Structures are given as structure tokens and as C-alpha cells.
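Worksheet: one structure, shown below.
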Amino acid sequence: MIIAEKGNGGLKMSLQSIILNRKSVRHYDPNYIIEKKEILDSIELAAKSPNGNNIQSTRYLIIENKALRSKIKVAANNQEQVETSSYLILVLGDYRAFETENIRIIQEEAFKKNYITQEIKNYLTNAAVAYYQDMSHEDQIKELVRDGSLAAMTLVLLLNERGYQTITMSGYDKTALFELLNIPEYYEDIMLLSVGKGVKEGHTTVRHPVEEIVFVDEVK
């Protein structure tokens, strides 16, 4: 069922319709060009996704170079879409986002824009600094992956809304990938994301009935 609403450019699919019709696409037109501005505009919106204490830890590495992508393909279990998609995006989490200075800069900027008062700025800054101060590495990873995954899902939906196809990937050798891309150790990998114009529709998948995945008051 396609649900559409009228927008400035005519009929536009609703969010519900995008979710219902989204499929993971592995086969792309390797010659199709997407304007980079469309990707950057989508990332700019995805960056507004919820994130813990607004520390904004998610980063995006857009990989265009075909020769480089050919090498990445080997590290990504020879997945075809690594090379044939219009863009390959590596979603990363930045451990430096937990640092006090980053937290202070963000809240100070909000204060300067009159989004918050001095009192609220001090409260949010101190609360966030205290929250991350003694956080274990394992919990930091959870924070980065949680925030990065929320942003990545938003990005997927935005790209689908623009008429492009996507697939998220976790099947790659992180060590080999980081070495190829010379990524510093203060980054954590979240996922790879390919985007382009699909030439073969992804297959339909099944999902558990809602009654099997929802609990009320207690987990069974």
C-alpha cells in the first residue's frame, strides 16, 4: 500500500510508505551519479537525530575513489555494492565527543544562540561531564553505536525519500578497513552504508508479528 501526500514537487511518499516499501538493495547502476549536495543535505538532517546529551559523536566518511573502493571490497567480503553504488559511507563514532571540552563548546554555542539560559547551560554541561567521567570503554562503545545507529537509520530514510536505494553493512574486516582508510584510533566503526540507483529490487523480508515482540509490564 502506497501512502502519498502532496508536497511542493507533487506527490510525495509518507514516512509510513517509505518504511513499508524499503528494501536492502545490493545491485546498483555503477554509472549513476548522485549530486554530492544531496548526500550532504541528507547527512545534515540525519545529524539532528537523537543523541546522548547532545555530544554529537557520529561522523561520516564519504568514500568516492573507485580504486580505494576496490580495495575496500576485499575487506568487505567482496560485496558488490561497495564498488557499484554511487557513494559508500562509513558511519563512525568519535570517542573525543566524550571529552569535557567538546561538551562545553556545544552547550556554550547553544547559550550564545539564546537556546538556553546560563543556568541551564551550566546544569547540562556539569551533568554530561559527570555522566561520562568514569564511563567504561564498553559503555562508551554502546553510546557511540546507539547514537550512530539512530543517525544511520534516519539517513537511510532520507535517502529513500529522495528516490535512492541503500543497504547497511556490518560484514567487513574492521582492522583491514581502518588500515586502508588510515582511520585514527579515537574512532569506532558503526557501519558501512551504500547508496545509489538500484537496478535490481531487494527481496521482501518477513518480520515477527507485533504480538511476539512486545511485552507489557514484564519480559517473558
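The values are calculated or read from the model by the stated rules, or taken from the named source; none is laboratory data. Note that the structure is a prediction, hence the values are computed from the model and not measured. A quick note on method: Cβ atoms are made from the backbone with ideal geometry, for glycine too, and the neighbour counts reach across all protein chains shown. In case anyone asks, the SASA skips ligands and DNA or RNA and just uses the protein heavy atoms, side chains included. Shrake-Rupley method; radii C 1.70, N 1.55, O 1.52, S 1.80 Å.
Descriptive notes on the structure:
- For the range 142-155, the criterion of being charged (D, E, K, R) and more than 18 Å from residue 58 (Cβ to Cβ) is met by none of the residues.
- Taking (1) in a loop (DSSP other than H, G, I, E, B); (2) closer than 24 Å to residue 138 by Cβ; (3) in contact with a strand residue (DSSP E or B) (Cβ under 9 Å, 6 or more places away or on another chain) in turn, residue 102 satisfies each apart from (1).
- Residue in the range 205-217 that is surrounded by 16 or more Cβ atoms within 10 Å (Cβ to Cβ) and either free of Cβ contacts under 8 Å to residues at least 24 places away in the same chain or under 18 Å from residue 29 (Cα atoms) (or both) present: no
- The range 111-128 - residue that is free of Cβ contacts under 8 Å to residues at least 24 places away in the same chain and open to solvent by less than 90 Å² (accessible area, probe 1.4 Å) and, of those, nearest to the chain's Cα centre (by Cα): 125
- Within the range 166-187, residues that are within 16 Å of residue 63 (Cα to Cα) and touching a residue at least 60 places away in the same chain (Cβ under 8 Å) have Cβ atoms under 7 Å from residues that are part of a helix (DSSP H, G or I) and open to solvent by 50 Å² or more (accessible area, probe 1.4 Å) in these pairs: 180/71, counting only partners at least 6 apart in sequence or on another chain.
- Of all the numbered requirements in (1) closer than 27 Å to residue 142 by Cα; (2) in contact (Cβ under 8 Å) with a residue 40 or more places away in the chain; (3) assigned to a helix (DSSP H, G or I), residue 83 misses one, and that requirement is (1).
- Verdict on residue 125 being assigned to a helix (DSSP H, G or I) and either within 30 Å of residue 201 (Cα to Cα) or among the basic types (Lys, Arg) (or both): no
- Counting only helices (runs of 4 or more DSSP H) that sit wholly inside the range 135-220, those with at least 2 residues that are in contact with a strand residue (DSSP E or B) (Cβ under 9 Å, 6 or more places away or on another chain) are 137-161, 174-181.
- Every condition in (1) assigned to a helix (DSSP H, G or I); (2) farther than 30 Å from residue 13 by Cβ; (3) open to solvent by less than 20 Å² (accessible area, probe 1.4 Å) holds for residue 93 except the one numbered (1).
- Among the residues here, residue 143 qualifies as surrounded by 10 or more Cβ atoms within 10 Å (Cβ to Cβ), of a type in the set (Asp, Glu) and in contact (Cβ under 8 Å) with a residue 60 or more places away in the chain.
- Counting only strands (runs of 3 or more DSSP E) that fall entirely inside the range 1-64 and contain at least 1 residues that are closer than 25 Å to residue 79 by Cα and at pLDDT 95 or above, the qualifying elements are 58-63.
- Hits in the range 65-80 (condition: assigned to a loop (DSSP other than H, G, I, E, B) and without any contact (Cβ under 8 Å) to a residue 24 or more places away in the chain): 65, 78
- Meets criteria (at pLDDT 95 or above, open to solvent by 90 Å² or more (accessible area, probe 1.4 Å) and more than 19 Å from residue 99 (Cα to Cα)) for residue 179: yes
- Scanning the range 28-54 for residues that are more than 15 Å from the chain's Cα centre (by Cα), open to solvent by less than 80 Å² (accessible area, probe 1.4 Å) and among the hydrophobic types (A, V, I, L, M, F, W, C) yields a single hit, 34.
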